[in-house]
1. May I ask you to rank F100, F593, F373, F706 by accessible area, largest first, using a 1.4 Å probe over the protein chains only?
2. How far, in nm, would the chain grow between K671 and K551 when pulled straight, counting 0.36 nm per residue and subtracting the alpha carbon separation?
3. Looking at segment 256-409 from every direction and averaging, what is the projected area of its Cα convex hull in nm²?
4. I need the shape label for segment 697-765. Rule: rounded when a/c is under 1.5, else prolate if a/b > b/c, else oblate, with a, b, c from the alpha carbon gyration tensor.
5. Roll a 1.4 angstrom probe over the protein heavy atoms and tell me the percent of accessible area of segment 510-614 that is carbon or sulfur.
6. Leaving out ligands, DNA and RNA, what percent of the accessible area of segment 78-224 is carbon and sulfur, probe 1.4 Å?
7. Starting from the Cα of S437, move 7 Å in the Cα-to-Cβ direction to define the label point; list residues of segment 393-428 whose amide nitrogen is under 18 Å from there.
8. Compute the separation of the alpha-carbon centres of segment 293-338 and segment 462-506 and state it in Å as a whole number.
Amino acid sequence: MKKHLKQTVSTLLVAGLGLAAAGTAFSAESLQDVMKRRNLSQQDLLAASKTYVPTGKRDEFMAFSSGGQSGQIIVYGIPSMRILKYIGVFTPEPWQGYGFDEESKAVLRQGNIDGKEINWGDTHHPAISETDGKYDGQFLFINDKANPRLAVVDLRDFETKQIVVNPIYKSEHGGAFVTPNTEYVIEAAQYATPLENKKFYPLEEFNEKYRGGITYWKFDRKEGRLDPTKSFSLELPPYSQDLSDAGKGPSDGWSFTNSFCSERYVGGIEKGRPPYEAGCSAKDTDYLHVINWKKAAELVAAGKARKINGHDVLMMETAIKEGILFLVPEPKSPHGVDVTPDGKLLVVAGKLDTHVSVFSFEKIMAAIKAGKFESKDPYGIPVIAMKDALHTQVALGLGPLHTQYDSKPCIAYTSLYVDSQVAKWNYCEGKVLDKISVHYNIGHLMTMEGDSVDPKGRYLVALNKLAIDRFNPVGPLHPQNHQLIDISNDKMQLLYDMPIPLGEPHYVVAIEASKLKPAVRYKVGTNSRTDKPNPGAVRAGEEHTDKKGNKVEVFGTLIRSHITPETIEVDVGDEVTIHLTNLERAQDETHGFAISTYNVHASIEPGKTVTVKFKADKEGVYPYYCTEFCSALHLEMQGYLLVKPKGWKASKTTATAGATYTETDYKAQLKKVVDTQAVIDSVVAYITSVNYKDFPDVVAMVDDAFDQLGKVKDVKAKADEAAAKKDWANATLWTEQIWQYQVKTADLGLRAKTYLEQNGAKKVK
Ligand code: K7E
Ligand code: CUA
């Protein structure tokens with residue numbers, strides 16, 4: 001295997017130099033032939049040409065999709081619908097070491113509830129941070145409906161940095177929604193419960209003791225974290241508060257939250273009562289909550305909140321007295337509330353109504369100012385008459401759920417769950433413009449930046465609940481189906497079906513790809529979960545192992561194709577902590593780290609320092625290795641954890657060699673080194689002949705390459721010394737090591753060369 005790899009490398013070196021540029025053979029098949037062979041229509045080809053992103057080219061938009069019950073986030077490109085990453089959020093994610101190394105465990109464990117580990121989440125709504133109501137591409141938030149939690153992902157490295165637990169709810173569906181400058185992230189409770197932790201009240205006391213609410217999490221943009229000490233909630237009636245949206249433009253400072261089951265019905269079919277679904281949809285209207293969050297924040301700052309479970313809660317009584325909370329009846333079991341890009345109108349879709357209702361913020365404000373209310377709800381909250389708040393109602397179809405906006409003024413798209421359609425309509429004039437069928441039973445839909453003040457139009461994604469007949473069958477549990485629709489013309493056109501093999505992605509947001517500027521490496525020694533220097537980091541040459549009592553602490557490094565240290569010796573029962581720093585600077589040179597049977601894994605990207613910890617509770621021999629195929633000698637990137645039994649004494653002090661070497665072997669090895677150096681020299685000649693310094697990625701690769709080559713001097717001295725003593729084994733092996741450094745240098749050099757050739761490097765001499 002080793003020999004084969006070496007040959008491959010040599011072949012690559014030659015090919016990469018362009019010495020053997022073979023002519024490319026073109027297929028004789030024409031487009032017509034392919035259409036015939038694959039049974040494709042003109043329409044298919046048109047759709048394909050709108051989604052195909054040629055190799056090496058990139059997508060225009062990046063989508064961040066909820067991963068539903070997987071507790072993750074799915075990142076994909078639009079229009080290609082190519083999946084780029086899963087981000088571990090509420091659930092361990094082994095590839096990224098999320099939940100398997102200490103730094104990420106610390107984040108995951110922030111999501112413990114009352115000390116209990118929760119290792120999944122039911123994610124629903126991602127939200128991208130906004131500046132002036134526009135997506136700014138800096139942060140991403142997502143909620144967990146099942147366990148009331150919210151997570152923060154930093155879009156500089158696409159890693160989860162924080163999880164907060166809602167201190168007063170037991171579920172949380174109506175999040176995450178951001179205010180126009182990401183001052184707050186909004187989440188609404190769904191299923192009413194007593195707000196005090198661990199308090200029991202029987203369902204018979206539902207109306208008195210159970211409560212809903214809305215939490216406003218303060219976001220500290222500088223720290224990139226939510227600040228629980230500056231966050232607060234509003235106590236609300238037990239109405240099953242659902243989705244929210246923040247006002248923008250003229251409605252900035254206000255937020256809007258739907259509710260369903262405002263009947264406050266408590267089921268109990270076991271006791272002969274009609275079931276929840278009947279009792280929760282009996283009335284023709286539920287309540288839209290209209291809240292002045294700016295004023296609420298001021299009231300909390302003025303000390304008008306009450307502490308519940310250590311958290312500031314503005315009680316209903318106060319909110320009513322201070323005039324910051326109002327209700328508007330809305331038909332019927334509504335789901336989404338979506339503020340128009342200009343902030344003037346709010347579109348509400350009632351699941352059991354064929355209409356969408358368009359409310360006017362101006363009319364709502366006029367009613368509030370005039371003190372014109374039709375009634376009070378049972379808790380004393382003023383209710384504005386629907387007719388006093390409505391702009392218009394439009395009959396769209398069966399089961400309207402969610403609405404998104406186009407870049408063209410007054411144009412909206414609404415999902416129709418029961419009809420399995422998307423309706424395109426004009427909300428200013430109240431006119432339906434077009435409909436398209438989707439497959440099947442659409443929930444959310446999403447247009448490019450379509451919930452911001454500046455939607456980009458172009459594409460729409462339908463998030464369908466059922467896939468039924470769209471894909472090759474994979475058993476009773478079907479994949480999810482995202483369908484891409486072209487909305488750049490008057491008629492919508494279905495372009496592509498994308499199966500998602502993860503949980504149910506309720507919502508997805510998409511941002512112009514050019515707004516994202518993720519890093520390719522960390523500053524050496526970074527704890528990526530805190531963005532601070534990791535105290536376990538060491539530089540090359542500083543690696544060491546400390547042992548104090550039964551605690552062993554290893555400070556190691558990784559660089560192609562070597563793990564330092566190569567052996568870790570501990571006594572059974574020792575507590576072992578291993579810090580590893582990836583010394584690479586080149587892009588994409590991630591190393592992984594795994595130890596047999598101890599359930600640890602780390603992904604260590606360039607510059608990162610990661611810590612794994614475990615108790616060496618079983619004596620024995622445990623290989624450890626790098627889990628990313630990082631170099632030709634990746635498989636040799638290995639070592640042994642030796643867990644010695646109690647009282648063990650060494651009896652054999654030298655190892656028996658597995659192979660023997662002669663002077664001929666040494667000479668052959670030397671020749672290989674000379675040949676490879678010629679390859680390196682020619683690559684270096686090319687790189688230095690162009691403006692490589694204008695390419696930071698290439699500069700990083702060149703730095704790494706010279707790091708590798710820089711190690712040759714010491715090793716060469718050892719080889720020469722051994723050869724002088726006719727110690728052919730050591731002379732051969734040290735020379736082999738020189739060749740290893742050369743191969744890594746050449747590998748990087750060739751990659752740099754390819755990059756320069758493909759990115760328009762210019763001759764400088
Ligand atoms: Cu409609 Cu959780 Cu937003 Cu599902 S939600 S669809
Ligand atoms: Cu490092 Cu494989």
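The values are calculated or read from the model by the stated rules, or taken from the named source; none is laboratory data. The structure presented is a predicted model; accordingly, all values stated were derived computationally and were not measured. Backbone-built Cβ (ideal geometry, glycine too); neighbour counts: all protein chains shown. What goes into the accessible areas is simple: the full protein's heavy atoms, side chains included, and nothing from ligands, DNA or RNA. Shrake-Rupley method; radii C 1.70, N 1.55, O 1.52, S 1.80 Å.
1. F706, F373, F100, F593
2. Contour length minus the Cα-Cα distance gives 38.5 nm.
3. On the way: hull surface 46.3 nm².
Mean projected area for segment 256-409: 11.6 nm², to one decimal.
4. Cα axes put segment 697-765 in the prolate bin.
5. Ligands and nucleic acids excluded, carbon and sulfur give 50 percent.
6. Values: 2620 of 5000 Å².
Carbon with sulfur: 52 percent of the solvent-accessible area.
7. 397-399, 415-424
8. Using only Cα atoms to place each centre, the spacing works out to 38 Å.
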